[in-house]
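Notes follow once the structure below has been shown.
The values are calculated or read from the model by the stated rules, or taken from the named source; none is laboratory data. The shown structure was predicted, so the numbers you read here are calculated from the model rather than taken from an experiment. Quick reminder, even Gly has a Cβ in these numbers, built from the backbone with ideal geometry, and neighbours come from all protein chains shown.
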Ligand code: NAI
């Protein structure tokens, strides 16, 4: 569907399109023009057309976009129906919150196991899963073949754990440890998440606003 390599900034906008279109679909909207979509999303209409053209373009001249169809197509591009088997490493405060509050199933992943090196957490129930000890990790990966891992462990452990998981066949990492994980393996993809970066972006915005109002 995509015409060659799509830039990272376009890919970063796709989940937002997907979310907006899902909301519009729930509101019963059948079709939308790129102008209307741009106004609702705070982007320019030409930006939206350019983004969609990376995938061959979806609209029809004079009609706009069919909301349900576009939502489905973007979902397909994002792989939201893949249900890729996923494990979580680290069942502390953050791990528990993510496991309990993120709907993995709606986003292309299926959480099938949670592991922690602290024996006191073994057997703790998080949603439908029981925390397992890391001693069981290798065997679990052999039998259940997870493809993705969520890392909610402290920074010093992140690189070693990720490399171990690559050797167990895991190729996608949603990394929350405060460490910019880079894997030398061509067959692994990493999404490093730093909530603090988002907060600092907000701080920049606030500072700019205050400077302008001086
Ligand atoms: P926590 O201390 O409550 O939980 C960490 C868990 O990881 C513990 O249960 C510990 O036993 C386990 N663990 C440590 N090494 C392990 C290993 N090698 N294998 C398996 N399990 C291991 O910490 P919390 O609050 O859950 O935070 C986790 C990490 O995420 C911290 O490094 C924190 O700084 C970071 N963090 C990142 C955020 C982000 O935006 N990226 C936001 C909040 C926290």
* To do: Can you work out which of the residues in the range 4-17 that are in contact with a helix residue (DSSP H, G or I) (Cβ under 8 Å, 6 or more places away or on another chain) and within 17 Å of residue 56 (Cα to Cα) is surrounded by the most Cβ atoms within 10 Å (Cβ to Cβ)?
  => 17
* Structure fact -> residue 80: passes all of (1) in a loop (DSSP other than H, G, I, E, B); (2) in contact (Cβ under 8 Å) with a residue 60 or more places away in the chain; (3) surrounded by fewer than 17 Cβ atoms within 10 Å (Cβ to Cβ) but (3)
* To do: Being free of Cβ contacts under 8 Å to residues at least 24 places away in the same chain, under 25 Å from the mean Cα position of the chain (by Cα) and surrounded by 17 or more Cβ atoms within 10 Å (Cβ to Cβ) is the filter here, so list the residues in the range 121-148 that pass it.
  => 132
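If we scan the range 90-108, do we find a residue that is touching a helix residue (DSSP H, G or I) at 6+ places or on another chain (Cβ under 6 Å), within 11 Å of the ligand (Cβ to nearest atom), touching a residue at least 24 places away in the same chain (Cβ under 8 Å) and part of a loop (DSSP other than H, G, I, E, B)?
Filtering the range 90-108 for residues touching a helix residue (DSSP H, G or I) at 6+ places or on another chain (Cβ under 6 Å) gives 91.
Next cut, within 11 Å of the ligand (Cβ to nearest atom) only: 91.
Pick out the ones that are also touching a residue at least 24 places away in the same chain (Cβ under 8 Å) and you get 91.
After this cut, where a residue has to be part of a loop (DSSP other than H, G, I, E, B) as well, the list is 91.
Yes, the range 90-108 contains a residue that is touching a helix residue (DSSP H, G or I) at 6+ places or on another chain (Cβ under 6 Å), within 11 Å of the ligand (Cβ to nearest atom), touching a residue at least 24 places away in the same chain (Cβ under 8 Å) and part of a loop (DSSP other than H, G, I, E, B).
Could you say whether any residue in the range 113-120 is more than 11 Å from the ligand (Cβ to nearest atom), more than 23 Å from the chain's Cα centre (by Cα), surrounded by fewer than 18 Cβ atoms within 10 Å (Cβ to Cβ) and part of a helix (DSSP H, G or I)? Give the steps one after another, and end with the answer.
Taking the range 113-120 as the starting set, the residues that turn out to be more than 11 Å from the ligand (Cβ to nearest atom) are 113.
Restricting the remaining residues to those that are more than 23 Å from the chain's Cα centre (by Cα) gives none.
Checking the range 113-120: not a single residue is more than 11 Å from the ligand (Cβ to nearest atom), more than 23 Å from the chain's Cα centre (by Cα), surrounded by fewer than 18 Cβ atoms within 10 Å (Cβ to Cβ) and part of a helix (DSSP H, G or I).
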* Sort out which residues of the range 93-127 are in contact with a strand residue (DSSP E or B) (Cβ under 9 Å, 6 or more places away or on another chain), over 16 Å from residue 149 (Cα atoms) and modelled with pLDDT of 95 or more, and write them in order of number. => 118, 119, 121, 122, 123, 124, 125, 126
* How many of the residues in the range 187-214 are touching a strand residue (DSSP E or B) at 6+ places or on another chain (Cβ under 7 Å) and within 14 Å of the ligand (Cβ to nearest atom)? -> 4
* Asked: Out of all the residues in the range 46-68, which are surrounded by fewer than 20 Cβ atoms within 10 Å (Cβ to Cβ) and under 28 Å from residue 101 (Cα atoms)?
  -> 68
* **Count of residues meeting criterion [within 9 Å of the ligand (Cβ to nearest atom) and in contact with a helix residue (DSSP H, G or I) (Cβ under 6 Å, 6 or more places away or on another chain)] in the range 161-170** => 0
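Just name the residue that is nearest to the ligand (Cβ to nearest atom) out of those in the range 171-180 that are over 16 Å from residue 95 (Cβ atoms) and surrounded by 17 or more Cβ atoms within 10 Å (Cβ to Cβ).
Residues of the range 171-180 over 16 Å from residue 95 (Cβ atoms): 171-172, 180.
Next cut, surrounded by 17 or more Cβ atoms within 10 Å (Cβ to Cβ) only: 171-172.
Details: 171: 19, 172: 17 Å.
In this case the residue turns out to be 172.
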